[in-house]
1. How large is the charge dipole for region 1-86, taken about the Cα centre, if only the Cβ atoms of Lys, Arg (+1) and Asp, Glu (-1) carry charge, to the nearest 20 debye?
2. Between region 177-224 and region 83-132, what is the separation of their alpha carbon centroids in Å?
3. Using Cβ counts within 10 Å as a stand-in for footprinting exposure, how do 105, 203 rank, fewest first?
4. Of 64, 134, 147, which has the largest mean-square fluctuation in a 10 Å C-alpha GNM of the chain?
5. Given the DSSP H assignment, sum -39500 (n - 2.57) over each helix run of at least 4 residues in the chain and divide by its residue total; what's the result at 222 nm in deg cm²/dmol, nearest 500?
6. Given the options 189, 100, 166, state which has the largest fluctuation in a GNM of the chain using a 10 Å cut-off (strictly under) for Cα springs.
7. In whole Hz and in residue order, list the ³J(HN,Hα) couplings for region 199-213 that follow from phi through the Karplus curve 6.51 cos²θ - 1.76 cosθ + 1.60, θ = phi - 60°; x for Gly and Pro.
8. Shape of the chain from its Cα gyration tensor (a ≥ b ≥ c, root eigenvalues): rounded if a/c is under 1.5, otherwise prolate when a/b > b/c, or oblate?
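Just so it is clear, none of the values below were taken in a lab; they were calculated from the coordinates. Values in this document were obtained by computation on a predicted structure and should not be read as measured data. So basically every Cβ, Gly included, is an ideal-geometry build from the backbone, and we count neighbours across all protein chains shown.
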Amino acid sequence: MALYAISDLHLSLGTDKPMDVFGEHWENYEQRLKENWESAVSGDDTVIVNGDNSWATYIQNAVEDFSFINSLPGRKILSKGNHDYWWTTMNKQTAFCRQHGFDTINFLHNNHYMCGGAAICGTRGWQITKNDDEDRKIHNRELERLELSLRSAIPSDPEQIIVALHYPPDDKFKAVLSRYGVRTCVYGHLHGAAHKNAVNTTIEGIKLRLVSCDFLQFTPMKIL
């Protein structure tokens with residue numbers, strides 16, 4: 001049983017949002033992702049998919065994208081990205097998966113999941129750009145959601161904690177990670193030229209890893 005992570009699938013199987021407009025390396029990426037995923041991941045494994053999963057605006061338009069994800073090997077733990085407009089409530093999303101038989105998909109939101117002795121926690125995160133009241137409000141709310149997720153894991157007495165964010169963690173998010181003894185943090189959001197801004201190193205005991213699918217050449221990264 002292994003744990004993998006990959007983010008920013010940006011699937012648009014039910015909508016007209018081709019990713020190859022962002023460069024030739026996105027051409028036919030769904031097929032490459034499928035082949036690479038099936039080569040690396042087994043049915044007993046878990047894969048964190050931390051945000052920007054589908055371009056669908058509403059969850060009912062995401063059936064083909066979820067069907068694609070569900071068909072891939074392993075248990076999937078999906079969290080929210082800045083482009084997941086379909087994201088609604090846990091109850092509605094769970095009911096949607098139950099209705100369509102998507103039995104390998106779980107949602108990370110104010111909760112945690114165990115993978116062996118590791119607790120998987122996380123939230124979307126946020127990147128302050130305007131530094132206005134609304135920006136700070138969203139940032140603080142995401143910090144609170146991360147705390148809720150981490151606190152939910154405490155009764156499980158995990159051997160280690162792995163956090164999945166969509167946005168790269170800023171200093172305030174890193175402070176929360178340190179306070180809870182997080183060992184690994186995976187994040188996404190960065191594409192193309194922004195890869196040069198990625199932090200892939202260990203800072204204050206926290207291993208930071210960018211797992212955007214184009215950065216990983218559309219192959220899930222083994223975390224554990």
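1. 300
2. Taking the Cα centre of each part, region 177-224 and region 83-132 sit 18 Å apart.
3. Working: 105 19, 203 13.
Lowest count first: 203, 105.
4. 134
5. So the helix-based figure for the chain works out to -8500 deg cm²/dmol.
6. Checking each option, the largest mean-square fluctuation is seen for 100.
7. Result, ordered by residue: 9, 10, 7, 9, 10, 6, x, 9, 7, 9, 9, 7, 10, 4, 4 Hz.
8. Working: a/c = 1.32, a/b = 1.22, b/c = 1.08.
Verdict is rounded for the chain.
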